[in-house]
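Please treat every number below as a calculation from the coordinates, not as lab data. It should be emphasised that the depicted structure is a prediction, and the values quoted were computed from it without experimental measurement. Cβ atoms come from the backbone with ideal geometry, glycine included; neighbour counts cover every protein chain shown.
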Amino acid sequence: MAETQGVDHFKGQPRLPKFAVPTKYEIFLKPDLRTCKFSGNVLITVDVVEDTRFLVLNAAELSIENGSVWFRSFSSSQKLQPLEIVAVEKDEILVLVFGDFFPHGVGVLEMNFEGILNDRMKGFYRSVYKYNGEDKNMAVTQFEPADARRCFPCWDEPAFKATFKMILEVPSDHVALSNMPVTKEEVSSDVKKLFFQESPLMSTYLVAVVVGLFEFVEAYTTDGTHVRVYTQVGKSSQGKFSLDVAVKTLELYKEYFAVAYALPKLDMIAIPDFSAGAMENYGLVTYRETALLYDECHSAAANKQRVATVVAHELAHQWFGNLVTMEWWTHLWLNEDLQHGYLAADSIFPEWKIWTQFLDDTVSGLRLDALSESHPIEVEINHASEIDEIFDAISYQKGASLIRMLQSYLGADCFQKSLASYVKKFAYSNAKTEDLWNVLEEESGEPVKALMNSWTKQKGYPVVNVTIKDGQLELEQSLFLASGSPGAGEWIVPITLCYGSYATQKKFLLRTKFDKVNLDQFLGPSNANDQERDGSIWIKLNVDQTGFYRVKYEGELEAGIRYAIENNKLSETDRFGILDDSYALCMASKQSLSSLLSLMAAYSEEPEYTVLSLLITVSCKVIYMIEDANPELSDDIKHFVIGLLQHSAERLGWDPKEGESHLDAMLRGEILSALAQLGHSITQNEGLRRFNAFFNDMDTTLLPPDIRRAAYVCVMRNVDKSNKSGYESLLKIYRESDLSQEKTRILSCLADSPDPDAVLEALNFLLSSEVRNQDAFYGLGGISKEGRDIAWKWLKDNWDYIAKTWGSGHLLTSFVSRVVSSFSSEEKAVEIEEFFASRITPAISRTLKQSLERVRVNANWVRSIRRESSLAEVVKQLAYRKP
Ligand code: BES
Ligand code: ZN
């Protein structure tokens, strides 16, 4: 009775008690790749620091061999067996109840356990690959955020850092990898036992094991770190590119963080079944194939960029995350801020203009955070099941954007110095958000904590309204919501502005709701002249878009901005920002669609990839909404957008140009895909012609990787009831390719037919055994508008299966977000709510609310478009204007 009472005390707690803390794990694992079971033993050195009769640690889906559990105290040299072992399934904990209080000090806890190599891509799991034409299983771990407990019993929280010594027993012809190098190998006929070196202090979620048949390519950094990229047998040449990026990145971060890479080796490995994009396990980074492998003949420029940025991101974690770890998941964003990945990618590939492309990330943060169903960056986590949900655009993209905002406010040098001292101070330990602010505040002398608290502790962000009154610039901040609703919130906003030229800049903190700036102080003589010459003034706030806020220009300032765009006065980052702000304001009914359209018209000769890519996104959404609001305008608006893209389409053509830039190569694919989607018949015909040559004669010269997706879109847009051959052709390529990037490229177009039946067939294919569970979501990204109703019906019909199969995490939530968010009416929102009312679970709850809010935002927008009486006239005028 007393015992049970004691156990109850530990139930439903967000965190493990700290009366006993682990310092060292010795883990033995023996996976059976045929039966997909594993057995193991663990010896955990534990320091008992408070009086207790209990040991409370995590375990899930493991069967613990009761008689095997012992605690041996070093001080008393007693060997104690627990009276009771209680597994609390819901909380994924194991409570070991002992008869007496333990002596304080160090002891060892031992236990044997067994488990299953599951097929859910978390914990200790199996992934299937081909070897000599046969299916084989590999054993892989994915522990972040909280699944180490599915592999061995442990204190599975990031702050319980310990050292790890791994021993693996595997078939002797197999490769077995873990975080550290092997120190000893014992082979006995067909099995071998590998003993790995003890790791430095690290968190459980970074422990990793991979067992399978692999080959590798390898290299060394200048200071001797041994780097390998492992692949399936036959694919190692596809690892060369990422190997090269990894070596350069390690060298770069060593300089940047002023601390060497902490381990003797770094392995990176491609796993065919993988839930996330990649995982930064200490010394053994695991990746999806698409994020690690690069094929000279079949990978596109976009694939190359993805590989480089993911590698750079995961390697940044070796410092940020692995060496210095967040104290709790509330501070996840400290780990996941994408900044540092971009830092290395930018330094290795300056021509990619990664910092301009970074604006795509800022924008996804801004979009999600404009929902009232968003959440603060620092969010309370009360149960392991809540952690998955915060790996979202708030922790990643908003987090990274805030760091960039702060960096540009403090200056890059000061920022780097502070980071280096932060890493030094918290190495092999844990940190909270506040710890970072303290270091930055000390180094910079700026009020970093107050400034940043306003951004990380409350959700949302401001829109700053600017007007000119009596020679003064008036600023007013208020919460920006995509719904256009008012709301509370105030931020300390680092304002930057330039006046008539980039030479005339000012920066200050907007600390209150309103503020005024005297403009006279700006007007140096050169600037005044410039204004006079042009006969127009312009003021751009948020210079270079480094701030996480939107700007609404009123009156003459709005006209000035338009003037600056039309007369090419602004940098590409600012052109990007103005378009996106205008788009967001329009969606929130704060600005008319007519004015957005006429702004878009000013981008018809835009040359830059990032800006054009945004223009395409904005155009597609605007078309979608206009078609819902006013279908008669469909042809005209498409005509307008085709006209906007024409200039670039002609400049780029279909064939790659000798020596062209990486960005042009990516742009070509995006422009042609967009034109194909818009029904531009010249593009569609050319796409089909090239596809046929490629498909029938396997002639890749006409269809290099960068335009392949565009051609696939042409194929799918021409699939209808009477002609399904294009769909079959794509499936054939899908089935014959063993390159994951090719497969996902096809999946992303497969549901893009105008024929709902063909869409349904494609969606059913996603659920078939021919598509790995990790890949289904690619297909959901490309559902045609004509297919959205059938997709919704399909989702309802298959929901039970989907929920069971995809369980939790982004793979599951993408089914909800991608199908649901396409609608734009209140009736649909209600229907969706009703369907999910009885099916809601913690795994989808936040995504569902956000998706429903998006539907309602769309519905609002549609209503205000309908109210815009002169819209038809404006669209016609823009569509058929003379260039
Ligand atoms: N730590 C994450 C992987 C992860 C995500 C584990 C979610 C558990 C749950 C990893 O570092 C990561 O962020 N990967 C990204 C790629 C990156 C370039 C943003 C991913 O998985 O897409
Ligand atoms: Zn990450």
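Summary of computed values
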quantity	calculated
Size of charge dipole - the range 207-294 - debye, nearest 20, with Cβ of Lys, Arg +1 and Asp, Glu -1, no other charges	60 debye
Cα-centred dipole magnitude for the range 601-716, charges only on beta-carbon of K, R (+1) and D, E (-1), debye, nearest 20	260 debye
Cβ-derived FRET efficiency at R0 41 Å, E490 paired with K796, nearest 0.05	0.45
Amide H within-cut-off set for L80, under 5 Å, with H built and near neighbours excluded	F71, R72, S73
For the chain, the Rg and Dmax computed from alpha carbons only, in angstrom	28.5, 92
Hypothetical label at E65: residues of the range 101-115 whose amide nitrogen lies under 13 Å (7 Å Cα-Cβ projection)	110-115
Rounded tilt (10° steps) of 740-750 against the dominant C-alpha axis of the chain	50 degrees
Rg/Rg_ref, the range 633-724, where Rg_ref = 2.2 N^0.38 Å and atoms are Cα	1.09
Estimated FRET transfer efficiency (A260, S429; beta-carbon r; R0 22 Å; 0.05)	0.80
Helix-derived mean residue ellipticity, 222 nm - over the chain, DSSP H n ≥ 4, -39500 (n - 2.57), to 500	-13500 deg cm²/dmol
Inverse mean reciprocal Cα-Cα distance (Kirkwood Rh) of the range 504-647, Å	16.7 Å
Per-pair calculated FRET efficiency, R0 = 45 Å: A219 and K506 via Cβ, rounded to 0.05	0.40
Straight-distance crosslink candidates among lysines, where the alpha carbon sits under 17 Å from K540 and sequence neighbours closer than 8 are dropped	K469, K506, K507, K516, K552, K569
Label-reachable residues, the range 575-608, where backbone N falls under 16 Å from a point 7 Å from R867's Cα toward its Cβ	585-595
The range 175-246 and the range 416-479: distance between their alpha carbon centers, rounded to Å	40 Å
Top positive-direction residue, dipole computed over the chain with Cβ charges, set S595, A843, Y230	S595
Given charges at Cβ of Lys, Arg, Asp, Glu: the chain dipole, positive-most of P103, L688, A791	A791
Whether the range 681-795 is rounded, prolate or oblate, judged on the alpha carbon gyration tensor where a/c under 1.5 counts as rounded	oblate
The range 298-376 and the range 1-75: distance between their alpha carbon centers, rounded to Å	35 Å
At most 14 other Cβ within 10 Å, DSSP loop - trypsin sites (Lys or Arg not before Pro), the range 599-704	K657
Rounded to whole Å, sorted largest first: equivalent-ellipsoid semi-axes of the range 61-149, Cα gyration tensor	36, 14, 12
Relative packing of 222-229, 754-761, which averages over residues the other C-beta atoms within 10 Å, highest first	754-761, 222-229
Rh (Kirkwood; distinct C-alpha pairs) - the range 167-314, Å	15.9 Å
Cα centroid of the range 99-126 to Cα centroid of the range 772-848, whole Å	36 Å
Contact order relative to length of the chain, as percent, for alpha carbon pairs under 8 angstrom and 6 or more apart	8 percent
For the range 588-678, the fraction of alpha-carbon pairs in successive 5 Å shells from zero, as %	3, 13, 25, 24, 16, 10, 5, 3, 1, 0
